[in-house]
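Undergrad: Have a look at this one.
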Amino acid sequence: MKAWVLHNIGDIRMETVREPELGEGEALVAVKAAGICGSDIPRIYRTGAYSHPLILGHEFSGIVQTVGKGTDKRWEKRRVGVFPLIPCGTCRPCREKAYEMCRHYSYLGSRRDGGFAEYVAVPERNLIELPDKVSYEEAAMLEPMAVAVHAMRRAAPQTDHAVAVYGMGTIGTLLLMFLLEAGIKNIYAIGNKEFQRQTALRMGIPKSHYCDSREGQVGKWLMEHTGHSGAEVFFECIGRNATVAQTVELTAPGGKVCLVGNPDTDMLLEKKVYWKILRNQLSITGTWNSSFLPIGERGACAKEDDWHYALKRLEHKRVAPECFISHRLVMGELAEGLRIMRDKTEDYMKIMMGN
């Protein structure tokens, strides 16, 4: 099969490799759509993966071609999305079915071969069947959608809260989409590109509720729009010292800060920021990955997992993530998409590869 293989930092090539051999409880998924995640860029060009060679790609969907020993044959020919985190099943979070916090997980596309290929071996428990109304491209966006849902549900804003989202990358924009779908009316979006502003306005964010951070007036703007109280729930979707400090500064007394953005460098907490957390009695929460329950475990949990929450809204057309796909490439053009994201030569939101 054809696959994009990372051999070392900066060395990714499209090659002909062997099709995956299926282990017990696995299915062979023919990839139909795969998205490039922002985390793929440092993995390819700066840090490398956990081991090399490795096929990257953790946002993908496809159709089950065949199944291995011990796998339900009813999966064959079914259209599927794929939860990329493979839990150990034995640590405390796994025993509590909080698989996103597994202590010893594997991961498709970063710790074992993923979706930038024609075929992927996927554990049966990681498959989610797609309704007929959900496209492969939409399903390939289930992973970032579920990450946004996970953040929203951890912070749990009420419909009358002033809610701010700082950072209009893929996750921040999808978070806006789900907040609007959930009925949150008083949302403030902060970005730094004109196409991000246009996207937010198309989604229904009023012009007065969008701020371009390049103008340097984020604090003044938000305080004026919230009666000088600040946001009761604030999502930081960038992961930089300066924006985290601003987020704390601009959160209302007794409010919640949800840290969403992956840090690009070490994060340092200045004394004045720490004091603000104490004196305003802020609740600070981190959010990581997303919750997913295999079919056999869903009935045992009172709360719906993030993946099925997102899929239900996709099926009923209550959200429309396809409008965020800025580039559509065929498999052989993946390197072009990687360069666009690395060098920022063009505006982009989600770059999607199809087979």
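Undergrad: Through the Karplus equation 6.51 cos²θ - 1.76 cosθ + 1.60, θ set to phi - 60°, convert the phi angles of region 184-191 into ³J(HN,Hα) values in whole Hz; use x for Gly and Pro.
TA: 6, 9, 9, 10, 10, 10, 10, x
Undergrad: Name the residues whose placed amide hydrogens come within less than 5 Å of the amide hydrogen of Thr66, ignoring near sequence neighbours (fewer than 5 apart) on the same chain.
TA: Close amide H contacts, sequence-distant or interchain: Leu28.
Undergrad: Where does each of 91-101, 21-31, 116-126 land if you order them by average Cβ count within 10 Å, highest first?
TA: Peptide ranking by packing, descending: 116-126, 21-31, 91-101.
Undergrad: Here is a further query. Please compute the alpha carbon radius of gyration of region 142-246, then divide it by the globular-protein estimate 2.2 N^0.38 Å. Two decimals is fine.
TA: Against the compact-globule rule of thumb, the ratio is 0.97.
Undergrad: Where does the charge balance sit around Pro144 when Lys and Arg score +1, Asp and Glu -1, over other residues with C-beta under 9 Å from its C-beta?
TA: Combined, the nearby Lys, Arg, Asp and Glu give -1.
Undergrad: Roughly how large, in nm² to one decimal, is the mean projection of the convex hull of the alpha-carbon atoms in region 28-73?
TA: For region 28-73, averaging the hull's shadow over all directions gives 4.4 nm².
Undergrad: So, R0 is 30 Å and r is the distance between the beta-carbons of His104 and Arg328; what FRET efficiency does that work out to, to 0.05?
TA: Calculated transfer efficiency: 0.25.
Undergrad: Right, next: Could you give the dipole magnitude of the chain about its Cα centre, charging the beta-carbon of Lys and Arg +1 and that of Asp and Glu -1, in debye to the nearest 20?
TA: Dipole of the chain, to the nearest 20 debye: 600 debye.
Undergrad: In the chain, with Lys and Arg counted as +1 and Asp and Glu as -1 at Cβ, which of these residues, Ala140, Leu179, Ser326, has the Cα nearest the positive end of the dipole, that is, farthest along it?
TA: After comparing all options, I get Leu179.
Undergrad: Across bins of 5 angstrom width beginning at 0, how are the C-alpha pair distances of region 1-99 distributed, in whole percent?
TA: Per 5 Å bin, starting at 0, the Cα pair percentages come out as 2, 11, 15, 19, 20, 18, 10, 3, 0.
Undergrad: With the convex hull built on the Cα atoms of the chain, state its orientation-averaged projected area in nm².
TA: The orientation-averaged projected area of the Cα hull of the chain comes to 17.6 nm².
Undergrad: What do you get for trypsin sites (Lys or Arg not before Pro) in region 222-316 restricted to DSSP loop and a cutoff of at most 16 other Cβ within 10 Å of the site's Cβ?
TA: For trypsin sites (Lys or Arg not before Pro) across region 222-316 that sit outside H, G, I, E and B with at most 16 neighbouring Cβ atoms in 10 Å, the list reads Arg240, Lys303.
Undergrad: On to the next question. Select from Gly109, Ile277, Pro263 the residue farthest towards the positive end of the dipole of the chain; place +1 on Cβ of Lys and Arg, -1 on Cβ of Asp and Glu, and compute about the Cα centre.
TA: Of the options given, the answer is Ile277.
Undergrad: Continuing with the same structure: For the residue pair Asp266 and Glu181, what label-to-label distance in nm results when each label sits 7 Å from Cα along the Cα-to-beta-carbon direction?
TA: My value for the distance between the label points is 4.0 nm.
Undergrad: For region 127-174, go through all pairs of different Cα atoms, get the mean of 1/r, take its inverse, and jot down that Kirkwood value in Å.
TA: Computed over Cα pairs of region 127-174, the Kirkwood hydrodynamic radius comes out at 12.5 Å.
Undergrad: In the chain, carbon and sulfur make up what percent of the accessible area (probe 1.4 Å)?
TA: 48 percent
Undergrad: Report the semi-axes of the equivalent ellipsoid for region 75-142 in whole Å, largest first, where each axis is √(5λ) for an eigenvalue λ of the Cα gyration tensor.
TA: Its equivalent ellipsoid spans semi-axes of 23, 14, 10 Å.
Undergrad: Taking H placed 1.01 Å from N in the peptide plane, check which residues at least 5 places from Asp113 or on another chain put their amide H under 5 Å from its amide H.
TA: Correct list: Ile55.
Undergrad: Nothing charged except the Cβ atoms of Lys and Arg (+1) and of Asp and Glu (-1): what's the magnitude of the dipole of region 235-355 about its Cα centre? Round to the nearest 20 debye.
TA: 440 debye
Undergrad: Quote the Stokes-Einstein diffusion coefficient, in whole µm² s⁻¹, for region 223-340, based on the Kirkwood radius over alpha carbon pairs, a temperature of 10 °C and a viscosity of 1.306 mPa s.
TA: Approximately 89 µm²/s, per Stokes-Einstein.
Undergrad: Sort 197-208, 136-147, 79-90 for me by packing, meaning the mean count of neighbouring Cβ atoms within 10 Å per residue, highest on top.
TA: Top of the packing list down: 136-147, 79-90, 197-208.
Undergrad: In the chain, what percentage of the DSSP-assigned beta bridges are antiparallel, given to the nearest 5?
TA: Expressed as a percentage, antiparallel bridges in the chain total about 55.
Undergrad: Let me ask something additional. Can you give me the long-range amide H partners of Tyr119? Hydrogens built in the peptide plane at 1.01 Å from N, cutoff under 5 Å, separation of 5 or more residues or another chain.
TA: Sorted by chain and number, the residues that satisfy this are Val31.
Undergrad: Continuing with this model, one more query. Counting only heavy atoms of the protein chains, get the accessible area per residue of the chain (1.4 Å probe) and round it to a whole Å² value.
TA: Per-residue value: 46 Å².
The values are calculated or read from the model by the stated rules, or taken from the named source; none is laboratory data. Bear in mind that the values here come from a model prediction, so they are computed numbers and not experimental data. When we count neighbours, we look across all protein chains shown, and the Cβ atoms used for this are built from the backbone with ideal geometry, even at glycine. Each accessible area value is taken on the protein alone, full model and side chains, heavy atoms only, with ligands, DNA and RNA left out. Shrake-Rupley method; radii C 1.70, N 1.55, O 1.52, S 1.80 Å.
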